[in-house]
1. Among all the aspartates and glutamates, which ones have a C-alpha under 16 Å from A:Lys66's C-alpha, if same-chain residues fewer than 8 places away are not counted?
2. Taking the Cα-to-Cβ direction at A:Lys130 and at A:Ala22 and moving 7 Å from each Cα, how far apart do the two end points lie in nm?
3. What residues of the range B:52-73 lose no less than 30 Å² of accessible area with every protein chain in place versus their chain by itself (probe 1.4 Å, heavy atoms only)?
4. Using alpha-carbon pairs under 8 Å, 6+ residues apart, how would you state the relative contact order of chain A in percent?
5. In nm, one decimal, shortest first: how far is the label point of A:Glu121 (7 Å from Cα along Cα to beta carbon) from the matching points in the other copies?
6. May I ask for the longest run of chain B untouched by trypsin sites (Lys or Arg not before Pro) that are loop-located per DSSP and have at most 15 neighbouring C-beta atoms (other than their own) within 10 Å?
7. Assuming a ≥ b ≥ c are the square roots of the Cα gyration tensor eigenvalues, decide whether the range A:1-79 counts as rounded (a/c under 1.5), prolate (otherwise, with a/b larger than b/c) or oblate.
8. Could you give the accessible area per residue of the range A:14-92, probe 1.4 Å, as a whole number in Å²?
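The values are calculated or read from the model by the stated rules, or taken from the named source; none is laboratory data. What you see is a predicted model, and the numbers here were worked out from it, not measured in a lab. With ideal geometry, Cβ positions are generated from the backbone for all residues, glycine too; neighbour counts draw on all protein chains shown. With ligands, DNA and RNA removed, areas are computed over all heavy atoms of the protein, side chains included. Shrake-Rupley method; radii C 1.70, N 1.55, O 1.52, S 1.80 Å.
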There are 2 protein chains.
Amino acid sequence: MQYGDNYFMNLALEEAEKAAEADEVPVGAVIASGEGEIISTAFNTVEKDGSCIMHAEIKAILAAQKKLENWRLDGCALYVTLEPCIMCCGAILLSRISKVIYGTIDPKGGSSGSILEGKIEIVHGIMEEKSSILLKSFFKSKRENIRYGKNMTD
Amino acid sequence: MQYGDNYFMNLALEEAEKAAEADEVPVGAVIASGEGEIISTAFNTVEKDGSCIMHAEIKAILAAQKKLENWRLDGCALYVTLEPCIMCCGAILLSRISKVIYGTIDPKGGSSGSILEGKIEIVHGIMEEKSSILLKSFFKSKRENIRYGKNMTD
């Protein structure tokens, strides 16, 4: 690979920042080919699209399948700033993605351990602090908005 | 409820038949409100859309969220002819659907037992035979096409 995991995770973090700017839970994802080519990038748009389906991982998978004109993403790696949920783990398995690299764990909704472990390669902790800080700042700011009675999108 | 489970499952079966006609794995889904109103209907279009995300359940959830302009489907029931896979079970939980009713079990890809059990109400075996026959006929015809060297979409 031309680029290492940190390079792609930095791109995923840039996507997560775009989500934060749009007042969405800041999660970003990148799909790279086995040769280190960027296939797709995406961020969470659950609020904008009004659907819980529109997680960064699902959007990155949809975009990659469209770009490659192939729903089989064998050999590809998915970089995502937050540990994938059950839905996204299921989509990852269906899409035949070979490797998942995530930033910070999701103690509430994360499911990569129970669903992906032993089935595909998983790496975690890449750019963990940055991924985590982005999420914590977002939710802290949401709580402060509630405290001061500001408008909330959710 | 004005209509019973068989009524909605029959509609889901009609969706599955549309999938079969389009040479897609025949799975159909219907989302009904707690008051028995049909919110959305959908069938599997994985081949047409070139994406493993486009399962009948995901499409029905996306359509219901768009129609209701709300991603929370509390109180709604999802009728689907085949036991949902991991991805769809995850999407069902995220969408807050209250009840899942499915036709036939999926011994290979089904995950409702391990993922949904104890979290939301699950009913299975409604119109089981019809749901199963539709799938079996589809795959039997696919195998025969292979045997006789006909063109396959997959």
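1. A:Lys66 reaches A:Glu37, A:Glu57, A:Asp74, B:Glu47, B:Asp49.
2. Placing both labels 7 Å beyond Cα along the Cβ direction yields 2.0 nm.
3. For the range B:52-73, once contacts with the other chains are taken into account, B:Cys52, B:Ile53, B:Leu62, B:Gln65, B:Trp71 lose 30 Å² or more.
4. Details: 313 pairs, mean separation 31.1, N = 154.
20 percent.
5. 4.6
6. Numbers: sites that count: B:Arg72, B:Arg96, B:Lys108, B:Lys119, B:Lys150.
The longest such stretch corresponds to B:1-71.
7. Working: a/c = 3.08, a/b = 1.39, b/c = 2.22.
Here the range A:1-79 falls in the oblate category.
8. Details: 2740 Å² over 79 residues.
Accessible area per residue, the range A:14-92: 35 Å².
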